[in-house]
Amino acid sequence: MDGKPGMTIIIKTVVRIIVGLIFLYGIYIILHGHLSPGGGFGGGVILALGLLSVLLAYGREETLKWLRLGSLRDLEHATPLLFLLFGLAGMAWGSAFLANVLSKGKLFALLSSGTILPLNIIIGLKVGLSLFLVVLAMAEFDLNEGADE
């Protein structure tokens with residue numbers, strides 16, 4: 001190898017080419033979850049796989065040079081609060097928790113679901129960031145630390 005962290009130049013090049021497509025597909029699954037199978041969870045897993053492919057190909061240090069870990073954690077922590085705000089908005093409008101407060105568009109259109117689309121986006125961010133951060137934390141854990149040799 002060339003002494004740089006991560007995998008070979010071939011893997012890095014392939015990941016550089018396909019990671020945008022992985023993110024695009026994850027976003028597509030999240031945005032069309034109310035129209036077809038998919039949604040926030042499935043799309044979030046795909047987004048996490050995109051981030052994890054970069055992590056595996058380039059290594060932790062190189063990945064964290066272009067990803068701001070603090071911002072990712074802050075966004076991951078904010079997603080339950082955003083979900084709660086959408087839930088409380090229904091109550092503020094005199095209805096039930098998580099009641100639809102956004103107007104419903106034309107049937108089978110992208111913006112036809114009211115609050116389901118923003119909730120799918122929030123869930124996708126939560127799932128994607130949580131999975132990525134869990135794997136990142138596990139990558140830092142050393143099973144042999146403190147073991148007698």
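Values quoted throughout were computed directly from the atomic coordinates according to the rules given, and no laboratory measurement underlies them. All of these numbers come straight from a predicted model, not from anything done at the bench. So basically every Cβ, Gly included, is an ideal-geometry build from the backbone, and we count neighbours across all protein chains shown.
Ordering THR79, THR115, THR13 by the number of other Cβ atoms within 10 Å of each residue's own Cβ, fewest first, gives THR13, THR115, THR79. Around the Cα centre of the chain, unit charges on the Cβ atoms of Lys, Arg, Asp and Glu (plus for the first two, minus for the last two) sum to a dipole of about 920 debye.
How far apart, in nm, are two points set 7 Å out from the Cα along the Cα-to-Cβ line at LEU69 and at THR8? In this crude spin-label approximation the distance works out to 3.0 nm.
Over segment 1-143, Cα pairs under 8 Å with separation of 6+ residues give a relative contact order of 30 percent. For the chain, adding -39500 (n - 2.57) for each run of n ≥ 4 DSSP H residues and dividing by the number of residues yields -22500 deg cm²/dmol at 222 nm. Straight-line cross-link reach from LYS65 at under 28 Å between alpha-carbon atoms covers these lysines, not counting any fewer than eight positions away in the same chain: LYS4, LYS12, LYS126. Take the chain, connect every pair of alpha-carbon atoms lying under 10 Å apart with a spring to form a Gaussian network, then pick out the residue of GLY70, GLY33, GLY42 with the largest mean-square fluctuation. Of GLY70, GLY33, GLY42, the most mobile in the Gaussian network model is GLY70. Taking the chain as a Gaussian network, where each spring joins two C-alpha atoms under 10 Å apart, which residue of GLY26, GLY43, GLY59 fluctuates the most? Of GLY26, GLY43, GLY59, the Gaussian network model singles out GLY59 as fluctuating most. Between ALA78 and LEU111, the FRET efficiency estimated from the beta carbon spacing at R0 = 25 angstrom works out to 0.60.
For segment 9-140, rounded, prolate or oblate, judged on the Cα gyration tensor with a ≥ b ≥ c (square roots of eigenvalues), a/c < 1.5 rounded, else prolate if a/b > b/c? Cα axes put segment 9-140 in the oblate bin.
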